[in-house]
Structure formats: structure tokens, C-alpha cells
Amino acid sequence: MATAVECAHMNPVRDDSDGSPKQDEAFSHGMNGPTAQGSQTPEVSKGSDRSILVYTVLAVGLAIVVRFFVAAPYLVSGPSMEPTFENHDYLIVDRLTYDFAQPQRGDIIIFQLPQNTSETLIKRLVGVPGDTVSVSGNTVTITNKEHPKGLVLSEPYLDPADLGGQSGVTVTLGADQYFALGDNRKVSYDSRLWGTLPRKDIIGRVFIRLYPFNAIGALPGEARYSGS
């Protein structure tokens, strides 16, 4: 595991339960109730058991589909996205959108570190396929077909106290390659150091922040740049 200074490490929130949904009380008592003699017939009991099993299988199946293909909870660990995201921020990550649309410049994403896919990081996309990204001092410049003379990104989400880190980097992105930076440039372990991010390693984008409560919101930290 990388140190907190090197990257904002995203740890999936673990469910401490046994993984099975709790039975709804209405199901646990059956749907037909007792017979006139005060007990269920064998036929009704078997039917009730089958109903419980079907509902349980469906609930578990739906939970698995949502968890692995639609959305998943993550917990921020580390300072590399400060001040946009703080340590212990609780996030819901959208895993579905990028199956139908391309990641956009300014999206906050989570992804597997290309050099070590057991590590999951949170960063901001600043470069997309076809861009030439130049990091010089505290300035990020994008050169592409739309901006042959270069577009300097306006980044109001950065804290002046967090500027710094690796500089003098210029990378031209091929198809399915992205460039990701942490908002805390001084300590972030990002594309300036380990290179381009393959499309296949992107897990999803941050969709909702649920904690802290005073910062709840959808698409937290997402940015769009004038002229991009």
C-alpha cells in the first residue's frame, strides 16, 4: 500500500455483515398466516419457504449487480485530493456511466494504479485522448486540435498552499490514454510520476459524497474548463 503522502488511497467500504440481507418480517412469518387449526399445512409451509428463498436469492443477486456494476461505496484515505476531498470522506462511485460515455476532463475518478492494480486511487482527469499535457511550475496547459496554441487550465479548486511537486512534464496521449492529477499537487502521486492512465484501469467517477454531512452533494469536485 502506498503511503498517504504519495496518494489518496481509496479503500472499498467493507460490509461487516455476513453478506446476506436481513429477512423482512412479513416474509419471515409467511404470507398465508396460520390455518384454522392454528398451524400451517405442509403445502403452505413449503410454498412459504420457497418464496423466502426466491426473494433472498433475488435480493442478494440485485445487491451484487449494484455493488459491482452500478455503484459502490469508497472511503478516502490520504491527503492528495485536498482541499476537494478530505481524509475519511465517504463516497459513492458510479461504475456504469463510463460504459456508455467517455471520461471527461475535470471528472473526479477512481482507478487502479497501472503499475500495481491492487491499489485504487482517486484523482482528477486533466488530459484525455488526443491531448498534449504540459505541466510547468503550477500551470497545466492542454494542446490539441481544438486548441493548437494551447489552453491553460483555470483551476480555482486548488489551494495555493498545496501547489508544487513534479514539474517539467509533457505527455502526448494516445487513444484510450488519460492524464490524472491530484488537487494537492505538492504531495500527489499521479501521472506526473507514473505516466499515462489506460482507459481499462478506470473504475468509475465519484457520483455522490455522503460524508461529511455538511458536504453532501452530487458530482462533488467535478470541474469544466472554459474553452475545453
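The values are calculated or read from the model by the stated rules, or taken from the named source; none is laboratory data. The model shown is predicted, which means the values in this text are computed figures rather than measured ones. We place every Cβ from the backbone using ideal geometry, glycine too, and count neighbours over all the protein chains shown. Heads up: the accessible areas ignore ligands, DNA and RNA and are worked out on the full protein's heavy atoms, side chains in. Shrake-Rupley method; radii C 1.70, N 1.55, O 1.52, S 1.80 Å.
For the reader, a short list of remarks on this structure follows.
- Candidates in segment 185-195 are the residues that are touching a Leu at 6+ places or on another chain (Cβ under 9 Å) and open to solvent by 40 Å² or more (accessible area, probe 1.4 Å); of these, the one that is farthest from Tyr98 (Cα to Cα) is Lys186.
- Given (1) part of a loop (DSSP other than H, G, I, E, B); (2) under 30 Å from Asn214 (Cβ atoms); (3) not polar (S, T, N, Q), index of the condition Ala101 fails: (2)
- Answer residue from segment 204-226, given it is part of a loop (DSSP other than H, G, I, E, B) and open to solvent by 50 Å² or more (accessible area, probe 1.4 Å) and is nearest to Asp183 (Cα to Cα) among those: Glu222
- Residue match in segment 160-182 (condition: touching a Leu at 6+ places or on another chain (Cβ under 7 Å), of a type outside the set (Lys, Arg) and surrounded by fewer than 18 Cβ atoms within 10 Å (Cβ to Cβ)): yes
The rows are residues; the columns are (1) open to solvent by 20 Å² or more (accessible area, probe 1.4 Å); (2) closer than 17 Å to Leu181 by Cα; (3) free of Cβ contacts under 8 Å to residues at least 60 places away in the same chain; (4) out of contact with any helix residue (DSSP H, G or I) (no Cβ under 6 Å at 6 or more places or on another chain).
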| site | (1), (2), (3), (4) |
| --- | --- |
| Val93 | no, no, no, yes |
| Arg105 | yes, yes, no, yes |
| Leu121 | no, yes, no, yes |
| Lys149 | yes, no, yes, yes |
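- Just one of (1) closer than 17 Å to Asp131 by Cα; (2) in a strand (DSSP E or B) fails for Gly174. It is (2).
- Subset of segment 135-164 [part of a loop (DSSP other than H, G, I, E, B) and touching a strand residue (DSSP E or B) at 6+ places or on another chain (Cβ under 6 Å)]: Gly150, Leu153
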